[in-house]
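Trainee: First, the structure itself, so that you have it in front of you.
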Amino acid sequence: MPQGLLASVESRLMLRETLGSRKKESCMDSELDRLKSDIDLRAYACHHGYQLDRKESWRGSSVMRHPNGDKIIIKRGADGHYLYCSVHNGAD
C-alpha cells in the first residue's frame, strides 16, 4: 500500500475512533442531564429520612432536615436540574 494512502486510512480510522468516543460521551452527558432533571431530590431526600421544614422553606427552595441533625436546601436551577447543598457539611 502506498505511504500516502496508508496515512489517509490511518487518519480516517483515528477520526472514526474520536467521533465514536465523542458520541458515547454525548450519550452519557445527555443521560446525566436527563437524570439531573428527572430525579426529584426532594422525594429522594424524603426517602432517606429527611423531612420538609415548611417554616424555613421559601418559594423555589425547600429546606429539609434529617433526624441526625443534617439540614439541606434543595432547589431547581434555571436549566431544570435539581441542586442541593448541605448547610452543615461544606463538602456537599
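The values are calculated or read from the model by the stated rules, or taken from the named source; none is laboratory data. Keep in mind it's a predicted model, so treat the numbers as computed, not measured. Neighbour counts are summed over all protein chains in view; Cβ atoms, including those assigned to glycine, are modelled from backbone coordinates with ideal geometry.
Trainee: So for region 27-46 (the condition being over 20 Å from the mean Cα position of the chain (by Cα) and modelled with pLDDT of 90 or more), does at least one residue qualify? Walk me through it before giving the result.
Mentor: First, pick out the residues of region 27-46 that are over 20 Å from the mean Cα position of the chain (by Cα): none.
Looking for residues that are over 20 Å from the mean Cα position of the chain (by Cα) and modelled with pLDDT of 90 or more, one finds none in region 27-46, hence no.
Trainee: Output yes when any residue across region 72-91 is among the β-branched types (Val, Ile, Thr), in contact with a Phe, Trp or Tyr (Cβ under 6 Å, 6 or more places away or on another chain) and surrounded by 14 or more Cβ atoms within 10 Å (Cβ to Cβ), and no when none is.
Mentor: At the first step, the residues of region 72-91 found to be among the β-branched types (Val, Ile, Thr) are 72-74, 87.
With the extra rule that they be in contact with a Phe, Trp or Tyr (Cβ under 6 Å, 6 or more places away or on another chain), the set shrinks to 72, 74.
Narrowing the set further to residues that are surrounded by 14 or more Cβ atoms within 10 Å (Cβ to Cβ) leaves 72, 74.
Within region 72-91 (the criterion being among the β-branched types (Val, Ile, Thr), in contact with a Phe, Trp or Tyr (Cβ under 6 Å, 6 or more places away or on another chain) and surrounded by 14 or more Cβ atoms within 10 Å (Cβ to Cβ)), the answer is yes, since at least one residue qualifies.
Trainee: Please go through region 58-73 and pick out each residue that is within 22 Å of the chain's Cα centre (by Cα) and over 12 Å from His48 (Cβ atoms).
Mentor: Gly60, Ser61, Ser62, Val63, Lys71, Ile73
Trainee: Out of Gly49, Gly69, Gly60, report the one residue that is surrounded by 12 or more Cβ atoms within 10 Å (Cβ to Cβ) and on the phi > 0 side of the Ramachandran plot.
Mentor: On the way: Gly69 fails: surrounded by 12 or more Cβ atoms within 10 Å (Cβ to Cβ); Gly60 fails: surrounded by 12 or more Cβ atoms within 10 Å (Cβ to Cβ).
When all the criteria are applied, what remains is Gly49.
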